[in-house]
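Here the structure is laid out as structure tokens; the discussion comes afterwards.
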Amino acid sequence: MMLVYSSLLLAVLVLGSPYWLLRMAISGRYRAGLAGRLGRIPAGLREAVAGRDVIWVHAVSVGEVLAASRMIEELRAAMPGVMIAVSTTTETGQELVQKRFPESPVFYLPLDFAVLMRRTLRLLKPRLVVLMESELWPNMIRQCSEMNVPIAVVNARISDRSLPRYLRLRRLWRPLLAEVSLYLAQSEESAERLRQVGVPAECVRMAGNLKYDVRAGADTLLVSRLREALPLGSPVVVCGSTLEGEEAMLVAAWREVSAAVPDAVLVVAPRHPARFATVAALLAEAGMQVVRASEFLRQPAPVNPSSVVLLDTIGDLATAYSLATVAFVGGSLVPMGGHNPLESAQSRVPVLTGSSYENFREIVEAMRAKDAIHRKYLIIAQRNIIRPELVVAF
């Protein structure tokens with residue numbers, strides 16, 4: 001099975017290489033960390049782990065890094081002599097780790113080939129590998145098993161979209177899943193799904209969702225300056241983690257909002273840095289007065305009413321939600337499963353989401369039960385419209 005898997009992975013990379021190379025050339029996306037993904041070991045990583053006891057934590061991107069933050073703090077307090085090395089898959093994840101945990105070496109997860117995983121494990125010599133949520137890489141798991149390195153999957157979950165696929169391949173997955181020492185599930189439903197797909201019952205524990213433990217940080221420099229520069233008393237709508245297609249919907253809706261509430265300010269934070277320039281052009285073409293956060297940070301100035309602030313920086317969105325009169329969580333007006341609404345909810349602002357929130361269904365439904373995402377506003381958002389009354393009401 002491992003040979004077939006590795007062969008298929010190699011075939012996908014070879015056949016898909018023209019597409020990836022084109023995307024790198026045009027947008028720069030995927031260029032960052034390419035050497036690390038292909039197995040290059042950063043010199044700083046080798047020096048940082050030399051002679052140290054190591055725990056390797058893998059968190060894909062920003063959401064997983066945030067979820068892992070409290071756990072990393074607790075591990076460091078309980079085991080002060082241990083070095084915690086963190087790998088991510090995305091550039092934004094790398095930057096957030098460097099900001100939050102400057103003492104932790106950070107690197108890109110290598111592609112899931114046995115030779116690359118074995119090389120990384122031999123360098124780190126970890127006492128434990130911690131995988132966040134659903135990062136189950138077959139060769140990584142097999143190499144850890146062969147080298148007697150225990151694995152724990154923390155905040156473990158299987159999404160609605162992934163469950164049918166796991167069930168179809170249950171007979172193939174079961175032996176591999178059994179090589180993981182411990183699964184700490186987000187919920188009882190997640191624990192039951194893990195058991196359904198073949199995880200031994202004795203390896204599954206229901207531990208709750210770490211994303212509820214994420215703490216709101218203090219204002220970043222950008223957010224602190226924005227707080228002073230925004231028009232006093234103006235309603236602010238923060239739209240976080242937007243994906244392709246959503247900004248056009250927001251622009252169309254914002255014309256109606258601006259007509260009813262002329263002093264309202266819109267803050268848009270695209271999910272992927274590679275899209276910052278594209279979204280800036282879209283906003284400008286729509287005739288909106290755009291304030292790019294990166295430029296504002298270099299040269300602060302008052303933000304005029306009816307402006308649009310483009311949050312084209314990394315690590316500022318979580319605290320930027322505290323500026324909001326109402327917050328919208330992106331990835332939910334297009335069929336992508338949504339993003340974590342707790343980031344905005346912890347700032348104690350009303351939260352909107354679209355109809356596609358299956359990746360965070362348990363959280364959204366828990367919030368709906370407590371009127372943290374009100375049904376009335378959720379239905380409006382499902383129609384891909386943000387009405388002026390949302391801004392007025394709050």
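How would you rank 152-162, 73-83, highest first, on the average number of other Cβ atoms within 10 Å across their residues? If you can, show how the numbers build up before the last one.
Numbers: 152-162: 19.7, 73-83: 12.7.
Top to bottom by mean Cβ count within 10 Å: 152-162, 73-83.
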Explain nothing, just the number: relative contact order of the range 121-215, from Cα pairs under 8 Å at least 6 residues apart, as a whole percent. 26
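Compare the peptides 6-16, 302-312, 329-339, 227-237 by average per-residue count of other Cβ atoms within 10 angstrom and give them in order, highest first. Can you show the working numbers first?
On the way: 6-16: 11.4, 302-312: 20.7, 329-339: 22.6, 227-237: 16.2.
My ranking of the peptides, most packed first, is 329-339, 302-312, 227-237, 6-16.
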To the nearest 10 degrees, how steep is helix 114-124 against the longest Cα principal axis of the chain, on a 0 to 90 scale? 90
Those lysines that a straight Cα-Cα span of less than 18 Å connects to K370, excepting residues fewer than 8 apart in one chain: K211
Put a dot 7 Å past each Cα toward the Cβ at D53 and L13; how far apart are the dots in nm? 3.4
Computed accessible area, K99, all protein chains, 1.4 angstrom probe, square angstrom: 120
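Counting residues in the range 1-90 as N, plug N into 2.2 N^0.38 Å and put the Cα Rg over that result. Show your work: numbers first, answer last.
Working: Rg = 16.9 Å, N = 90, 2.2 N^0.38 = 12.2 Å.
Here the answer is 1.39, to two decimals.
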Once you charge only the Cβ atoms, +1 for Lys and Arg and -1 for Asp and Glu, what is the size of the charge dipole of the chain about its Cα centre, to the nearest 20 debye? 960
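Could you give the dipole magnitude of the range 76-144 about its Cα centre, charging the beta-carbon of Lys and Arg +1 and that of Asp and Glu -1, in debye to the nearest 20? Spell out each step's value before the answer.
Values: 9 positive and 6 negative charges, 81 e Å.
My answer is approximately 380 debye.
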Output the peptides 57-66, 209-218, 187-196, 164-173 sorted from most to least packed, where packing is the average of other Cβ atoms within 10 Å over each peptide's residues. 57-66, 187-196, 209-218, 164-173
In whole Å, what three semi-axes, largest first, describe the equivalent ellipsoid of the range 235-345 built from its Cα gyration tensor (square root of 5 times each eigenvalue)? 19, 16, 15
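For the range 1-106, give the percent of accessible area contributed by carbon and sulfur heavy atoms, probe 1.4 Å, rounded to a whole number.
On the way: 3630 of 5550 Å².
Result for the range 1-106: 65 percent of the exposed heavy-atom area is carbon or sulfur.
Under a 1.4 Å probe, what is the accessible area of the range 293-377 per residue, stated in Å²? Mind showing how you got there, number by number?
Values: 3390 Å² over 85 residues.
Value for the range 293-377: 40 Å² per residue.
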Tell me the volume per residue, in Å³, of the convex hull enclosing the alpha carbons of the chain. 147
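Pulled fully out, how much extra length does the chain show between S224 and S355, if you take 0.36 nm times their separation in residues and subtract their Cα-Cα distance? Write out the running numbers ahead of the final one.
Working: separation 131, 0.36 × 131 = 47.16 nm, distance 3.24 nm.
In short, 43.9 nm is gained.
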Quick one: give the max-minus-min coordinate of the C-alpha atoms of the range 179-287 along each principal axis, largest first, in Å. 58, 31, 28
Relative contact order [Cα under 8 Å, 6+ residues apart], the chain, whole percent: 12
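Which value in deg cm²/dmol, rounded to the nearest 500, describes the helix-derived mean residue ellipticity at 222 nm for the chain, given -39,500 (n - 2.57) per DSSP H run of n ≥ 4 and division by the residue count? Write out the running numbers ahead of the final one.
Values: 19 runs with 178 residues, N = 394.
-13000 deg cm²/dmol, from helical runs alone.
The values are calculated or read from the model by the stated rules, or taken from the named source; none is laboratory data. All values reported here derive from a predicted model rather than from experimental measurement. Reconstructed Cβ throughout: ideal geometry from the backbone, glycine too, with neighbour counts over all protein chains shown. We work out accessible area using only protein heavy atoms, side chains counted, and drop any ligands, DNA or RNA first. Shrake-Rupley method; radii C 1.70, N 1.55, O 1.52, S 1.80 Å.
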